[in-house]
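J.: If you scroll down you'll find the structure; I have some questions about it.
Every number in this text was worked out from the coordinates using simple rules, so none of it is lab data. Everything numeric in this text was worked out from a predicted model, so none of it was measured. Neighbour counts run over all protein chains shown; Cβ positions are idealised from the backbone, glycine included.
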Amino acid sequence: MKERGFILQGQLLLYGGIAIGVLVLGLLAALKIQTSRLEAEQAKLAACAAQYQQALASIARQNQAVLDMEKAGQEARRAAQEAQDRAKAAQKGLVKERERLAALKPTAGPCPSGEAVKRVREGLGK
């Protein structure tokens, strides 16, 4: 009886070893498959991260462009306001000069500048 038990134990150990070996090979195959899936997904994630970084850089450039445009607009409005103020001042000066000239009374007698022009013309003719 002891011999038969020894044989059964040997067969049980053999089949148990084979089962454990098959289980280990199955787990190794599953590990290999999952590792390849992980690597594929990591590559996709890296590509997605690169696109995300490009999008962030593009947004930053757009935001800077908007700030530059706002600054240029403010400078243009300031320059336009200064030009308008200068034009208004010139218009006021023109109106005052016209009023001053209109208020002048003509002098009696011959115009002194007419006499000077006549002398210059006579001098040029000689």
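J.: Could you work out how far helix 112-125 tilts from the main Cα principal axis of the chain, as a 0 to 90 degree angle to the nearest 10?
T.: Result, in degrees: 90.
J.: Roughly how tilted is helix 2-103, in degrees to the nearest 10 and between 0 and 90, from the longest Cα axis of the chain?
T.: Long axis of 2-103 versus the principal axis of the chain: about 0 degrees.
J.: Is it possible to state the helix-based mean residue ellipticity at 222 nm for the chain, with each DSSP H run of 4+ residues giving -39500 (n - 2.57), the sum divided by total residues, to the nearest 500 deg cm²/dmol? What is it?
T.: My calculation for the chain gives -35000 deg cm²/dmol from helical runs alone.
J.: While we're looking at this one, here's another question. In the chain, how does Rg compare with the Kirkwood Rh, expressed as the Rg/Rh ratio over alpha carbon atoms?
T.: My calculation of the ratio gives 1.92.
J.: Can I ask one more? Given a Förster distance of 25 Å, report the FRET efficiency between ALA116 and VAL95 from their Cβ-Cβ distance, rounded to the nearest 0.05.
T.: Between ALA116 and VAL95 the formula returns 0.25.
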